[in-house]
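Undergrad: The structure is given below, and queries will be raised subsequently.
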Amino acid sequence: MIALYELQGKGERRYSLFSWRTRMALRHKGLEFETRPVRLSDKAAIEFSGGKTVPVIKDRDTVVRDSWKIAEYLEEGYPEAPLFGGEIGHGVTHAFNTWVDRAAVPAMLQTIAADIHERVDPGDADYFRQTMEKVLRMTLEESRARRDASVQQLGKVVAPIGAALKRQAYMGGANPAYADYILFSVFQWARVMSPQELLAPEDPLCQWRERMLDLFDGFARKVPTA
């Protein structure tokens, strides 16, 4: 069985957005896996991977780190139920992955960073604060005070995707693909770690998120949330 090393917060929450991409990709491929919880500040637990971040998978004797590299590994090693849809799809998905990481993820982090801090493993609280305040260039308290503006900015960033989802059920068209899991990871991150509801029911992104939560017998819906 594949082992997935991922972050664990309070109440058994699995909160790494990048691990959620891997979780959904594994389910898409129909692959069973077991999770190995790792604290954010415990770099020694994944030292064997040659890196300091999750997700990491161990598939028999093969170790792969980084959500994008894991997706590529799964696509090559388990070709059933394609994630990308061919060479062109692979390239377009990689471009989308870059956009999400550089636009949607920072916008969401500005919005929920203080909420995440309240729900990480207690042993990671100081490490998270120090790390995130350097990234945000402000205190977590200041980020919370600016939440309304951050929510508005997040809406502007993802609005074009919502417009696209008015015309198709998934980023992949009629069926979900890895591009869906990339974007979904950002909203699942918020769902697991923040009590805020960031999407109105009439928003196409909200309706898409509900479809994503229903995939694989409600796999992503059946987890501890905020």
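Here, each number is a calculation from the coordinates, and none is a lab measurement. Fair warning: this is a prediction, and the values are worked out from it, not measured in the lab. Note that each Cβ is placed from the backbone with ideal geometry, even for glycine, and that neighbours are counted across all protein chains shown.
Undergrad: Below 11 angstrom from the Cβ of Gly77, what's the summed charge of the other residues (Lys, Arg +1; Asp, Glu -1)? Can you show the working numbers first?
TA: Numbers: positive: Lys29, Arg60; negative: Asp59, Glu72, Glu75, Glu76, Glu80.
Residues near Gly77 contribute -3 overall.
Undergrad: Just the projected area, averaged over all directions, of the convex hull on the alpha carbon atoms of segment 100-151: how many nm²? Walk me through the numbers on the way to the answer.
TA: Details: hull surface 14.1 nm².
Projected area, direction-averaged: 3.5 nm².
Undergrad: Would you please name the GluC sites (Glu not before Pro) within segment 175-226 that are DSSP coil residues with at most 11 other C-beta atoms within 10 Å of their C-beta?
TA: Details: sites: Glu197, Glu202, Glu210; in loops: Glu197, Glu202.
For GluC sites (Glu not before Pro) across segment 175-226 that sit outside H, G, I, E and B with at most 11 neighbouring Cβ atoms in 10 Å, the list reads Glu197, Glu202.
Undergrad: Below 13 angstrom from the Cβ of Trp189, what's the summed charge of the other residues (Lys, Arg +1; Asp, Glu -1)? Please list the in-between numbers first.
TA: Details: positive: Arg13, Arg14, Arg21, Arg23, Arg119, Arg191, Arg209; negative: Glu6, Asp101, Asp115.
Local net charge: +4.
Undergrad: While we're on this one: Hey, with R₀ at 30 Å, roughly what FRET efficiency would Lys43 and Ala145 work out to, going by the Cβ-Cβ distance, to 0.05?
TA: Working: r = 32 Å, r/R0 = 1.06.
Efficiency, rounded to the nearest 0.05: 0.40.
Undergrad: Within a Cβ distance under 12 Å of Gly50, other residues only, what is the Lys/Arg minus Asp/Glu net charge? Intermediate results must be reported in sequence, preceding the final value.
TA: On the way: positive: Lys43, Lys52, Arg65, Lys69; negative: Glu47, Asp66.
Once positives and negatives cancel, what remains is +2.
Undergrad: Normalised by the number of residues in segment 1-81, what is the relative contact order in percent for Cα pairs under 8 Å and 6+ residues apart? Show your work: numbers first, answer last.
TA: Details: 121 pairs, mean separation 29.4, N = 81.
Taking the mean separation of contacting Cα pairs over the length of segment 1-81, I get 36 percent.
Undergrad: Restricting to DSSP H runs of at least four residues, report the calculated mean residue ellipticity at 222 nm for the chain, -39500 (n - 2.57) per run over all residues, nearest 500 deg cm²/dmol. Mind dumping the intermediate values first?
TA: Values: 9 runs with 117 residues, N = 226.
-16500 deg cm²/dmol, from helical runs alone.
Undergrad: So, one more: Against the globular-protein guess of 2.2 N^0.38 Å, express the Cα radius of gyration of segment 22-68 as a ratio, rounded to two decimals.
TA: 1.16
Undergrad: Over 10 Å intervals from 0, what percent of Cα-Cα pairs in segment 1-96 sits in each interval?
TA: Spelled out per bin, shortest first, that is 16, 50, 28, 6, 0.
Undergrad: Would you please report the Å³ per residue occupied by the convex hull of the alpha carbon atoms in segment 135-226? Show your work: numbers first, answer last.
TA: Details: hull volume 10.3 nm³, N = 92.
That works out to 112 Å³ per residue.
Undergrad: Starting from the exponent 0.38 and prefactor 2.2 Å, build the expected Rg for segment 83-198 from its residue count and divide its actual Cα Rg by it. Please report the intermediate quantities before stating the final value.
TA: Numbers: Rg = 15.8 Å, N = 116, 2.2 N^0.38 = 13.4 Å.
In units of the globular-protein estimate, segment 83-198 measures up at 1.18.
Undergrad: Fully extended, how many nm does the chain gain between Asn175 and Arg36 (0.36 nm per residue separation, minus their Cα-Cα distance)?
TA: Numbers: separation 139, 0.36 × 139 = 50.04 nm, distance 2.98 nm.
Here the segment from Asn175 to Arg36 would lengthen by 47.1 nm.
Undergrad: Residues with amide H under 5 Å of Glu6's amide H, sequence separation 5 or more or different chain, H placed in the peptide plane at 1.01 Å from N; which?
TA: Arg36, Val38
Undergrad: Still on this model: Provide the convex hull volume over Cα atoms per residue for segment 117-178, in Å³.
TA: Values: hull volume 8.3 nm³, N = 62.
Residue-normalised Cα hull volume stands at 134 Å³.
Undergrad: What are the radius of gyration and Dmax of segment 59-114, computed over its Cα atoms and given in Å?
TA: Spelled out, the Cα radius of gyration and Dmax of segment 59-114 are 14.2, 40 Å.
Undergrad: Only sites in a loop by DSSP and with at most 13 other Cβ atoms within 10 Å count here; which GluC sites (Glu not before Pro) in segment 2-86 make the cut?
TA: Working: sites: Glu6, Glu12, Glu32, Glu34, Glu47, Glu72, Glu75, Glu76, Glu80; in loops: Glu32, Glu80.
Hits after loop and neighbour filter: Glu32, Glu80.
Undergrad: In addition: Tabulate in residue order the Karplus-calculated ³J(HN,Hα) for segment 98-110, using 6.51 cos²θ - 1.76 cosθ + 1.60 with θ = phi - 60°, rounded to whole Hz; enter x for Gly and Pro.
TA: Whole-Hz 3J(HN,Hα) from phi for segment 98-110: 5, 4, 4, 5, 9, 10, 6, 5, x, 5, 5, 4, 4.
Undergrad: Any chance you could run the full-extension gain for Asp61 through Glu210? It's 0.36 nm times the residue separation minus the Cα-Cα distance, nm to one decimal. Walk me through the numbers before you get to the answer.
TA: Details: separation 149, 0.36 × 149 = 53.64 nm, distance 3.63 nm.
My answer for the length gained is 50.0 nm.
Undergrad: Just from the alpha-carbon atoms, what are the Rg and Dmax of the chain in angstroms?
TA: 17.0, 48
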